[in-house]
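Reviewing the structure listed below.
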Amino acid sequence: MPATISTPHYLLDQARRRFTPSVNNFPGMGLVERRLLNTQFPEHKLADPPPGSGLKPILGDAGLPVIGHIIEMLRGGPDYLMFLYETKGPLVFADSPVLPGVAALGPDAAQVIYSNRNKDYSQQGWTPVIGAFFNRGLMLLDFEEHLFHRRIMQEAFVRSRLVGYVDQMDKVVSQVIASDWVADDARFLLYPALKRLTLDIASMVFMGHEPGADHETVQKVNSAFTMTVRAGNAIIRTGVPPFTWWRGLKARDLLENYFAERVKERRGKKGNDLLTVLCQTEDEDGNRFSDEDIVNHMIFLMMAAHDTSTTTTTNMAYELAANPKWQQRCRDESDRLGDGPLDIGSLEKLESLDLVMNEAIRLVSPVQWAMRRTVRDTELLGYYLPKGTNVIAYPGVNHRLPELWTDPMKFDPDRFTEPRNEHKRHRYAFTPFGGGAHKCIGMTFGQLEIKTIMHRLLRRYRLELPRPGYTAKWDYRTIPVPMDGMPIVLRPL
Ligand code: HEM
């Protein structure tokens, strides 16, 4: 059937258009994205496979002049990638002028990339995106060096340490939720409130700042940190004033100086905050971090811990507001715990909240993709990948594939329980925290933080949508953010 697109688009070549019925299956795609998806750009190979290798070439195209497929990526989010998977298969060459790479879609590709058996994939895939601001963070280190650092850092996340962190998290959460949040107001925006809260938690748990103490410094550090995160997404990527990228580099300088001073203070001191713990920890062979290592790790940890937890908590609150039966089920468990101090054991009893957390994180996965770069010529699912190729696995897409999940867009936390166990349909069906050597080191920390917040919230308020039929809309350009800040009404109980 020929295409029937009535309004011509000045950038599009009419002759190259074709009709793709399945584009209509993706409700997240707007008019512009649909029109672009109905366009067939000239296809070419990433590279010719070596003769006789039996490998297939990876095909793709460059999209529109100058901007490539940026519109579909930014506006379509996971729906665009689902569309690629459905129409082009698991490996698609995106010959982007900004960052050319191969989209590796589906759980089989994720398995090869995460498990990285032959050490073919390096973390340097992340460098063009966040390297300037999160230089030498754990996620950006490779192979032997990464293992060396990870073994030392692991000591800061053992259960005995987590016990101390939960105690501190709970203090901040209880104080902020009780005093700062506005009830009975449909204009109250949950996302920014949670973002401030998770930053307050990080200030205390990571750096040992008591809530309210040394307010000016904390504010300065927090804003510098927010700036580095924002700069990673800058469109104009140059260190020239007054562009965002330049502001990000200035902010990174401030953070480096700040943490360098703090490391000097904390060496040899006792304390339960993460910074002091990193100053003390050593691996079984007595290896310790240098001062510079701690500075780099702290800046990365702040980033890794913050928006991920904020997005997950926001989506949990939204889904509970939209699904009052699940809200009540979670509250019943919280009521059984009561308002006493929390510890790991008591948080483990909140089993329904675990299911809701998994489902919220599946539906809106905070880390939508994992970036890698090949360090040698290699093979992926029978296709040829030359050395130096950026390869991007997409857990955010795998979490929505109809072959893995029943009615994938439905909020249905019971899919994680016996006998359904949908997350076990493939070993790499559900990887919100990654997999292999770089699997999230803060997974348990993050889960404990999120459950602490949700428990305190459910004990104090009934969560309601701002109006009947309200549906959240997410911006997937980075770690997903609700476009309207997520208005949720807090009704005091
Ligand atoms: C809901 C919350 C979180 C989610 C969904 C999440 C997700 C992830 C994912 C997918 C990765 C792997 C990235 C890759 O393969 O390239 C990762 C790595 C990492 N995460 Fe998390 N994270 C969360 C919370 C946290 C927290 C709270 C911390 C710290 C306290 C943290 C620290 C890290 C670190 C240091 C790495 C790098 C690990 C390595 O390379 O060895 N994350 N995270």
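The values are calculated or read from the model by the stated rules, or taken from the named source; none is laboratory data. Nothing here was measured: the structure is a model prediction, and the numbers come from that model. Ideal geometry is used to build each Cβ from the backbone, glycine not excepted, and the neighbour counts take in all protein chains shown. In case anyone asks, the SASA skips ligands and DNA or RNA and just uses the protein heavy atoms, side chains included. Shrake-Rupley method; radii C 1.70, N 1.55, O 1.52, S 1.80 Å.
Of note:
- When H146, H426 are compared by accessible surface with a 1.4 Å probe, the order from highest to lowest is H426, H146.
- Relative to the Cα centre, the charge distribution of the chain, modelled as +1 at Lys and Arg Cβ and -1 at Asp and Glu Cβ, gives a dipole magnitude of about 760 debye.
- Each Lys or Arg adds one and each Asp or Glu subtracts one; over the other residues with Cβ under 10 Å from the Cβ of H44, this totals -2.
- Convex hull volume of the stretch 48-193 per residue (C-alpha atoms, cubic angstrom): 218 Å³
- Value of D in µm² per second that Stokes-Einstein yields for the stretch 133-284, Kirkwood Rh from Cα pairs, at 37 °C (0.692 mPa s): 188 µm²/s
- Heavy-atom surface of the stretch 123-281, accessible at 1.4 Å and reported per residue (Å²): 46 Å²
- The packing ranking, built from the mean of other Cβ atoms within 10 Å per residue, places the peptides 178-186, 240-248 in the order 240-248, 178-186, highest first.
- Reducing the stretch 32-51 and the stretch 238-295 to their Cα centroids gives an inter-centroid distance of 43 Å.
- Atom-type composition of the exposed protein surface of the chain places 53 percent of the accessible area on carbon and sulfur (1.4 angstrom probe).
- Probe 1.4 Å - accessible area at F289, Å² to nearest ten: 10 Å²
- Relative frequency of Cα-Cα separations exceeding 20 Å in the stretch 114-188, percent: 60 percent
- Residue-level accessible surface for M302, protein heavy atoms, 1.4 Å, Å²: 10 Å²
- Here, the chain yields an orientationally averaged convex hull projection of 25.7 nm² when only Cα atoms define the hull.
- Whole-number accessible area per residue in Å² for the stretch 23-85, which is evaluated in the context of all protein chains at 1.4 Å: 48 Å²
- Accessible solvent surface per residue of the stretch 394-488, calculated while the other protein chains remain in place, 1.4 angstrom probe, Å²: 42 Å²
- Net charge of neighbours whose Cβ lies under 15 Å from the Cβ of I344, counting Lys and Arg as +1 and Asp and Glu as -1: -3
- Net +/- balance of residues flanking K56 in space, Cβ distance below 15 Å, scoring K and R +1, D and E -1: -3
- Cα shape, the stretch 443-493, gyration tensor, a/c 1.5 rule: oblate
- Subset of K88/K439; K325/K473; K220/K439; K171/K270; K171/K264; K56/K387 violating a 25 Å alpha-carbon distance limit: K88/K439; K220/K439; K171/K264
- Remark on I58: its backbone amide H falls under 5 Å from those of L46, A47, Y384, a criterion applied only to residues 5 or more positions apart or on other chains, H modelled at 1.01 Å from N.
- The fraction of all Cα pairs in the stretch 379-482 landing in successive 5 Å bins from 0 to the largest distance is 2, 8, 11, 16, 22, 19, 11, 6, 2, 2, 1, 0, given as whole percents.
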